[in-house]
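Shown next, in structure tokens, is the structure this report addresses.
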Amino acid sequence: MKQRHLGRSGLVVSRLALGTMTWGRDTDEDDAAAQLVAFREAGGTLVDTADVYAGGASEQVLGRLLADVVPRDEVLVATKAYGSTGPGPMGRGTSRGHLLSALDASLARLGTDHVDLWQLHAWDPVTPWEEAMAALDTAVASGRVRYAGVSNYSGWQLGATATWQRAWPGRAALVGNQVEYSLLQRGVEREVVPAAQALGIGLLPWSPLGRGVLTGKYRNGPPADSRGASAHFSAFVAPYLAPSAGSVVDAVLTAADGLGVSPVAVALAWVRDRPGVVAPIVGARTSAQLQASLAAEAVTLPPEIRRALDDVSAPELGYPESSPRWSSDDLET
């Protein structure tokens with residue numbers, strides 16, 4: 001598997017990352033072990049989790065596998081903090097107290113003294129962002145975190161925090177923004193992608209398969225064993241089962257048929273090679289599903305197919321994202 005730098009940093013990661021949101025709940029430990037082994041054998045290095053996945057069980061499973069199945073030094077561990085992990089208002093958010101406590105708890109569950117990438121899972125509207133950034137600085141300075149990033153930040157949020165971190169020597173630079181990005185969700189192209197490229201921040205797309213809909217398996221309704229039929233994830237998948245998604249899914253299926261590859265490979269190859277993207281994060285419930293994603297490494301979409309997919313999934317753009325070219329005369333009138 002090819003490797004890429006995460007943003008303008010020295011952190012080099014595989015261009016496909018392994019997501020673990022279902023580990024410890026929908027994916028048992030034996031299947032998680034098989035996934036991790038297959039991922040490493042394919043050349044994958046970046047494994048992503050979060051302190052709230054399966055109530056912390058995802059981190060625990062990953063920690064045990066790094067102790068017994070795949071050596072810790074062969075894997076780059078990314079985790080996240082923000083969500084509710086304790087009682088009361090201090091049990092969630094990006095206050096310094098919650099973040100640093102959450103980091104220590106994650107390290108304990110993972111059975112390691114450091115994580116390679118620590119990300120703020122979401123923007124906190126009630127905690128000063130300068131406080132959250134200071135917590136990242138503390139974590140990096142202590143050696144418990146090697147690189148710092150964010151997740152689900154909008155363009156202005158990314159611009160403000162990344163610029164603040166660069167404004168003074170010694171602050172931990174932001175190297176990544178983990179965002180939802182797929183042929184069914186291209187909203188980040190309006191502001192997030194341009195901001196990330198300008199600031200040298202790499203994008204880590206989550207749900208690159210459109211919450212599973214781009215596989216084509218939902219064309220006749222949610223299969224009984226799918227996330228769309230799961231009590232945990234049915235509401236998560238539902239927004240992408242709207243009729244408007246059908247033309248995009250049809251285009252992916254047509255491209256896959258023409259290329260002789262799977263729809264999974266087409267959807268992943270498209271987002272993997274978008275500007276600013278470093279590594280799509282693929283989450284699989286079973287080893288067989290992961291193998292389908294790993295096969296995308298060998299696929300490069302021909303320009304004409306890429307253009308067709310771009311056209312059918314194009315997001316609506318308007319002022320100011322796609323402003324017309326103004327002349328000096330226009331500005332004076």
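The values are calculated or read from the model by the stated rules, or taken from the named source; none is laboratory data. None of the values given here were measured: they were computed from a predicted structure. As a convention, Cβ positions derive from the backbone with ideal geometry for all residues, glycine included, and neighbour counts pool all protein chains shown.
Here are a few things to note about the model shown:
- Check on L36, of a type outside the set (G, A, S), under 19 Å from the mean Cα position of the chain (by Cα) and farther than 21 Å from V179 by Cα: yes
- Within the range 61-91, the set of residues being of a type outside the set (S, T, Y) and surrounded by 20 or more Cβ atoms within 10 Å (Cβ to Cβ) comprises V61, L62, G63, L65, L66, V75, L76, V77, A78, K80, A81.
- Residue match in the range 13-27 (condition: buried (at least 18 other Cβ atoms within 10 Å of the Cβ), within 18 Å of P208 (Cα to Cα) and of a type in the set (D, E, K, R)): yes
- D124 vs. criteria part of a loop (DSSP other than H, G, I, E, B), touching a residue at least 40 places away in the same chain (Cβ under 8 Å) and among the charged types (D, E, K, R): yes
- Whether a residue is more than 21 Å from the chain's Cα centre (by Cα), at pLDDT below 95 and more than 15 Å from S182 (Cβ to Cβ) was assessed, and D225 passes this test.
- Single unsatisfied condition, V213 versus (1) buried (at least 23 other Cβ atoms within 10 Å of the Cβ); (2) on the phi > 0 side of the Ramachandran plot: (2)
- Hits in the range 1-51 (condition: out of contact with any helix residue (DSSP H, G or I) (no Cβ under 6 Å at 6 or more places or on another chain), aliphatic (A, V, I, L, M) and under 16 Å from W206 (Cα atoms)): L6, V13, L16, A17, L46, V47, A50
- Taking the criterion of being surrounded by 18 or more Cβ atoms within 10 Å (Cβ to Cβ) and part of a helix (DSSP H, G or I), the residues of the range 39-55 that qualify are F39, R40, Y53, A54.
- Picking from residues in the range 153-169 that are touching a strand residue (DSSP E or B) at 6+ places or on another chain (Cβ under 6 Å) and within 23 Å of D48 (Cα to Cα), the one that is surrounded by the most Cβ atoms within 10 Å (Cβ to Cβ) is Y153.
- Residue selection: G212 satisfies the criterion of being closer than 18 Å to L309 by Cα and at pLDDT below 95.
- Among (1) within 19 Å of L203 (Cα to Cα); (2) at pLDDT 95 or above, the one test that P302 misses: (1)
- Tabulated pairs, the range 295-307, first in contact (Cβ under 8 Å) with a residue 12 or more places away in the chain and assigned to a loop (DSSP other than H, G, I, E, B), second among the β-branched types (V, I, T) and surrounded by fewer than 19 Cβ atoms within 10 Å (Cβ to Cβ), C-beta under 8 angstrom, 6+ apart or interchain: V299/V261
- Screening L100 with (1) closer than 29 Å to D73 by Cβ; (2) under 19 Å from the mean Cα position of the chain (by Cα); (3) free of Cβ contacts under 8 Å to residues at least 60 places away in the same chain gives one miss only, at (2).
- Scanning the range 65-78 for residues that are free of Cβ contacts under 8 Å to residues at least 24 places away in the same chain and in a helix (DSSP H, G or I) yields D68, D73.
- For the range 156-203, a residue qualifies if it is closer than 22 Å to A314 by Cβ, assigned to a loop (DSSP other than H, G, I, E, B) and among the charged types (D, E, K, R), and the qualifying residues are R186, R190, E191.
Yes/no per residue for (1) in contact with a Cys (Cβ under 6 Å, 6 or more places away or on another chain); (2) hydrophobic (A, V, I, L, M, F, W, C); (3) within 26 Å of S234 (Cβ to Cβ); (4) not in a helix (DSSP H, G or I):
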site	(1), (2), (3), (4)
M21	no, yes, yes, yes
R25	no, no, yes, yes
G63	no, no, no, no
K80	no, no, yes, yes
G83	no, no, yes, yes
L107	no, yes, no, no
L117	no, yes, no, yes
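- Between A132, A195, A172, the distinction of being buried (at least 21 other Cβ atoms within 10 Å of the Cβ), under 14 Å from L99 (Cα atoms) and small (G, A, S) belongs to A132 only.
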